Amino acid sequence: MKKRWLSALLIGALCVSLAGCQKDGGEETSTAPDSTEMTGSQEESESATETTKETIPETTKEASQRPGASGDDVVYTDIYYSDFEAGTTDFTGRSAETIEVIEGEAYEGAYCLRVSNRTSSWNGMKLDVTEKVQVQQKYYVSAYVKYIDGNVESQRIYIKMDYNNGESYLTVGSVLCTKGEWSKVEGYIEIPAGATSVAFYTETEYTASDPDYLIDLYMDNFYVQEIYANSNAADLPSLYERHVDYFKVGVAIGPAQLANAEAAAVITQHFNTMTMGNEMKPENILDYDTCASDPEKYNLEPAVKFDAFSSALQFAQENNMLVRGHVLVWHSQTPRWFFTENYSKDASAPLASKEVMLARMESYIEQVLTYVQTEFPGVVYCWDVVNEAINVGDGEEGGYRSADSYWYQTIGPEFVEMAFTYARQYADPEVKLFYNDYNCYDKMRMFAMLDMLEPLVEKGLVDGMGLQSHIDMTTPSTIDFEYTINKFAQLGLEIHITELDIKCTDNSVEGQLKLAKRYKRIMNTLYRIEQNGTADITNVTVWGLTDDTSWLSGDETHYPLLFNSFLQAKEAFWGFFRDPSVTDW
Ligand code: XIL
């Protein structure tokens, strides 16, 4: 594996231009669209394609204009390319497959690669790039892929990365292919620190019931490019300062981002609150080993540990940031053993009684609140006390989630009120208590939530409503969004938008511009509500810092957030900023 210094040298030589990123922070106007050039400098360093790897061709025009380079300061350097026209290949089988360069089926030119005699869906063509890549460096990989045989009319084909001699693997990208047609598969990947070997390989969809899932696979125009870019975030006006008269601006983060100086600087510059994406959830706080070591002793007072998030709270404290506590009582990311008699992990172990679970709930809430309030007073300024208690489809009266909720199954619907009762009892007086849920604008869900919350508000147990807001490009309409927010506000609840992201798999310039407009419309809606005084929206949190860390990506890669993987502000940043250059129509 090559060393980081090589990369540093290359980066140093490139002098990526960052000029032209500053946007007009002026106020919104309703006049004609502003035609301000929205992207950064078009200047490309002369040496952008210089490389110490002699046999590698120049970066092609197609590659340098790749969607994903939405910051113009992203520099792509080819480290491997093959169109197979030489009739030979460096690819091997991942197992005992037959690999051939064949004539006649090519995407371009005369030749392409074929793998046949496959033995598993995850065995295909493999290219070892150990000698070409560097750890902690990002790469863009693309290829055209095709299958011809079999009965399956379409199937997903993946490029994956296998590292440490097959011990670990990650998905680089995938594409849904139509039988007989070439499709482009592409994706970005960072080589993990400590990797000792790296290979890229193809995989087809696993459909064991279909004998055709081991069909031959064809590939053409395979690229691996090193990608590098500077973050422009430090040159940008601060997002939270922009919205300071309206609401706090938050971001969901994880420990890796806080440990990365560049990401941490972006977090403190642009956000004044943060939410731990996972680290304050019960699965990361409950201490199984201790509970299981003496189930009787810990039966009513579960053992807990705080190492997953304590350094994040310290970071927040040192940087004058507030934290949204997420989450105390939730059916998900709370292990089943917490709900069983004797903390048993046996899948058939009976659930504990209602009395035991109420005691465990109270103790858990008391211990967590006491810890954060003692060690980091004032830092966690609100809590999502209960998350996602409604799932109308389960058929319970009141629309309660029951099928997959051990809280409901052990305590019944009053688990919600009890959670708020305990939270109120142990929370410092200034700490705000929230109910948090998704798809709040779905009317069945909305009315179930309103019905559930009304009596709790009357009892003074709930202060706020968290609308997660994992939305897409069209749903909800801004009218629906406004209506929903106002309905919760009418109960007397303060409003937080707790997990905003907008599903978007289109990373082209046009796709990202649409996303920016959607963000701007959402922000305009929130401003309008505030200006009309129909709701008190006090926090808007985006669910993730950079696209590559978004929880939305699975089979398909999403580009839903405000920063790209290089910590560069995307157009969506300017939409969220309510910059006049992003029109909202
Ligand atoms: C998500 C995290 O972002 C993921 O990393 C994790 O794998 C699953 O949970 N609603 C919530 C959040 O309240 O806690 C969820 O976060 C997203 C949906």
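No lab work stands behind these numbers, since they all come straight from the coordinates. Being a predicted model, the structure only gives us computed values, none of them experimental. Please note: Cβ atoms are built from the backbone with ideal geometry, for glycine as well, and neighbour counts cover all protein chains shown.
Structural remarks
- Order of K443, K487, K570 under a 10 Å beta carbon neighbour criterion, fewest first: K443, K487, K570
- Taking all pairs of distinct alpha-carbon atoms in region 103-229, Kirkwood radius in angstrom: 15.0 Å
- Under the Karplus curve 6.51 cos²θ - 1.76 cosθ + 1.60, θ = phi - 60°, whole-Hz ³J(HN,Hα) for region 80-87, x wherever Gly or Pro sits: 7, 8, 8, 9, 6, 5, 6, x
- Taking only the C-alpha atoms of the chain, Rg followed by Dmax gives 26.1, 77 Å.
- Of the residues P211, I189, M161, the one whose Cα sits farthest toward the positive end of the charge dipole of region 151-276, with +1 on the Cβ of Lys and Arg and -1 on the Cβ of Asp and Glu, is I189.
- A straight Cα-to-Cα reach below 16 Å connects K281 with the lysines K305, residues fewer than 8 places away in its own chain not being considered.
- Between helix 415-426 and the chain there is an angle of about 80 degrees, using the helix long axis and the longest principal axis of the Cα atoms.
- Nearest-20 debye value, region 86-180 charge dipole, Cβ charges on Lys, Arg, Asp, Glu: 300 debye
- F447, F338 arranged by Cβ crowding within 10 Å, fewest neighbours leading: F447, F338
- Under the Debye formula (equal points on every Cα, no solvent term), log10 I(q)/I(0) of region 209-329 at q = 0.10, 0.13, 0.14 Å⁻¹: -0.56, -0.72, -0.75
- Kirkwood Rh and Cα Rg combined as Rg over Rh, evaluated for region 198-255: 1.29
- Normalised by residue count, region 316-366 yields a Cα convex hull volume of 107 Å³ per residue.
- For region 296-427, radius of gyration divided by Kirkwood radius, i.e. Rg to Rh on alpha-carbons: 0.99
- Region 388-472, Cα convex hull volume normalised per residue, Å³: 99 Å³
- Going from the fewest other Cβ atoms within 10 Å to the most, the residues E153, E301, E186 appear in the order E153, E301, E186.
- Dipole of the chain, positive direction: furthest Cα of L567, I79, A199, with charges on the beta-carbon: L567
- The angle separating the long axis of helix 354-375 from the principal Cα axis of greatest extent in the chain is about 80 degrees.
- Dipole in debye (nearest 20) - region 126-260, about Cα centre, beta carbon charges: Lys, Arg +1; Asp, Glu -1: 360 debye
- Kirkwood Rh in Å, taken over all unlike Cα pairs in region 496-585: 13.4 Å
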